[in-house]
Amino acid sequence: MKLELLDLTKRYGDFTALDHVNITFTEGICGILGANGAGKSTMMNLITDNIPRTEGQILFDGTDIRKLGRDFRRVLGYMPQQ
Ligand SMILES: Nc1ncnc2c1ncn2[C@@H]1O[C@H](COP(=O)(O)OP(=O)(O)OP(=O)(O)O)[C@@H](O)[C@H]1O
Ligand SMILES: [Mg+2]
(Lines give C-alpha, C1' and ligand atoms only; values in the text may rest on other atoms or scores of the structure.)
(Ligands and ions follow the chains in the order given, each with its own letter.)
Protein backbone atom coordinates (compact mmCIF):
# COMPACT_ATOMS: atom_id res chain seq x y z
CA MET A 1 0.00 0.00 0.00
CA LYS A 2 1.27 3.42 -0.94
CA LEU A 3 -0.58 6.74 -0.73
CA GLU A 4 1.36 9.60 -2.28
CA LEU A 5 0.71 13.31 -2.04
CA LEU A 6 2.62 15.00 -4.85
CA ASP A 7 2.98 18.78 -4.83
CA LEU A 8 -0.43 18.92 -3.21
CA THR A 9 -1.66 22.51 -3.04
CA LYS A 10 -4.92 23.93 -1.72
CA ARG A 11 -5.93 27.57 -1.95
CA TYR A 12 -9.06 29.03 -0.42
CA GLY A 13 -9.42 32.10 -2.61
CA ASP A 14 -6.18 34.05 -2.21
CA PHE A 15 -5.13 32.11 0.88
CA THR A 16 -2.78 29.15 0.41
CA ALA A 17 -3.50 26.52 3.07
CA LEU A 18 -1.28 23.77 1.60
CA ASP A 19 1.69 24.69 -0.57
CA HIS A 20 3.20 21.88 -2.68
CA VAL A 21 3.09 19.19 0.01
CA ASN A 22 4.94 15.95 -0.72
CA ILE A 23 4.32 12.96 1.56
CA THR A 24 4.35 9.20 0.96
CA PHE A 25 2.33 7.08 3.38
CA THR A 26 3.05 3.37 3.47
CA GLU A 27 1.64 0.62 5.68
CA GLY A 28 1.77 1.30 9.39
CA ILE A 29 0.59 4.04 11.70
CA CYS A 30 1.33 7.70 10.92
CA GLY A 31 0.71 10.71 13.12
CA ILE A 32 -0.17 14.07 11.59
CA LEU A 33 0.99 16.79 13.95
CA GLY A 34 0.75 20.50 13.29
CA ALA A 35 -0.16 23.77 14.98
CA ASN A 36 -3.73 25.07 14.76
CA GLY A 37 -4.30 26.15 11.19
CA ALA A 38 -1.34 24.19 9.82
CA GLY A 39 -3.60 22.46 7.31
CA LYS A 40 -4.23 19.00 8.82
CA SER A 41 -7.99 19.03 8.24
CA THR A 42 -7.48 20.45 4.77
CA MET A 43 -5.13 17.57 3.96
CA MET A 44 -7.60 14.97 5.30
CA ASN A 45 -10.41 16.59 3.32
CA LEU A 46 -8.28 16.29 0.19
CA ILE A 47 -7.29 12.67 0.87
CA THR A 48 -10.95 11.76 1.39
CA ASP A 49 -11.85 13.64 -1.82
CA ASN A 50 -14.21 15.79 0.19
CA ILE A 51 -12.95 19.09 -1.25
CA PRO A 52 -11.33 19.85 -4.62
CA ARG A 53 -7.57 20.32 -4.74
CA THR A 54 -6.01 23.33 -6.43
CA GLU A 55 -2.87 21.61 -7.76
CA GLY A 56 -0.98 18.37 -7.36
CA GLN A 57 -1.80 14.70 -7.24
CA ILE A 58 -2.98 12.11 -4.74
CA LEU A 59 -2.03 8.63 -5.90
CA PHE A 60 -3.12 5.35 -4.33
CA ASP A 61 -0.76 2.60 -5.49
CA GLY A 62 0.14 4.82 -8.43
CA THR A 63 -3.36 5.80 -9.60
CA ASP A 64 -5.06 9.12 -8.94
CA ILE A 65 -7.77 8.68 -6.29
CA ARG A 66 -10.23 10.64 -8.46
CA LYS A 67 -9.77 8.06 -11.18
CA LEU A 68 -10.24 5.21 -8.69
CA GLY A 69 -13.38 6.84 -7.27
CA ARG A 70 -15.50 4.21 -5.56
CA ASP A 71 -12.64 1.67 -5.60
CA PHE A 72 -10.57 4.05 -3.46
CA ARG A 73 -13.42 4.86 -1.06
CA ARG A 74 -13.98 1.14 -0.56
CA VAL A 75 -10.54 0.79 1.06
CA LEU A 76 -10.51 4.16 2.83
CA GLY A 77 -11.28 4.44 6.52
CA TYR A 78 -11.40 7.66 8.47
CA MET A 79 -11.53 8.14 12.25
CA PRO A 80 -11.92 11.77 13.34
CA GLN A 81 -10.47 12.84 16.67
CA GLN A 82 -13.87 12.88 18.38
N1 LIG B 1 -13.08 26.98 3.89
C2 LIG B 1 -12.03 27.76 4.17
N3 LIG B 1 -11.94 29.01 3.67
C4 LIG B 1 -10.87 29.79 3.93
N5 LIG B 1 -9.83 29.43 4.70
C6 LIG B 1 -9.87 28.21 5.24
C7 LIG B 1 -10.96 27.31 5.01
N8 LIG B 1 -10.72 26.15 5.69
C9 LIG B 1 -9.53 26.34 6.30
N10 LIG B 1 -9.02 27.55 6.04
C11 LIG B 1 -7.75 28.09 6.49
O12 LIG B 1 -6.73 27.20 6.06
C13 LIG B 1 -5.74 27.02 7.08
C14 LIG B 1 -5.65 25.55 7.42
O15 LIG B 1 -6.83 25.18 8.10
P16 LIG B 1 -7.09 23.69 8.60
O17 LIG B 1 -8.45 23.67 9.19
O18 LIG B 1 -6.79 22.73 7.49
O19 LIG B 1 -5.95 23.53 9.71
P20 LIG B 1 -5.81 22.45 10.89
O21 LIG B 1 -4.37 22.06 10.91
O22 LIG B 1 -6.81 21.37 10.72
O23 LIG B 1 -6.16 23.33 12.19
P24 LIG B 1 -6.75 22.86 13.62
O25 LIG B 1 -5.61 22.27 14.38
O26 LIG B 1 -7.23 24.14 14.22
O27 LIG B 1 -7.86 21.87 13.37
C28 LIG B 1 -6.16 27.91 8.25
O29 LIG B 1 -5.48 29.15 8.15
C30 LIG B 1 -7.66 28.11 8.02
O31 LIG B 1 -8.10 29.35 8.54
MG1 LIG C 1 -8.36 20.59 11.95
The one condition residue 2 fails out of (1) among the charged types (D, E, K, R); (2) loosely packed, with under 12 Cβ neighbours inside 10 Å; (3) at pLDDT below 95 is (3)
Cβ contacts < 6 Å: first residue without any contact (Cβ under 8 Å) to a residue 60 or more places away in the chain, restricted to the stretch 1-28; second residue among the aromatic types (Phe, Trp, Tyr) and surrounded by 17 or more Cβ atoms within 10 Å (Cβ to Cβ), any location; separation 6+ or different chain. Result? 3/60
Scanning the stretch 36-75 residue by residue, the ones that are of a type in the set (Gly, Ala, Ser), surrounded by fewer than 15 Cβ atoms within 10 Å (Cβ to Cβ) and within 21 Å of residue 20 (Cβ to Cβ) total 3
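The values are calculated or read from the model by the stated rules, or taken from the named source; none is laboratory data. Worth saying up front: this structure is predicted, and the values here are computed from it rather than measured. Every residue, glycine among them, receives a Cβ derived from its backbone with ideal geometry; neighbour counts consider all protein chains shown.
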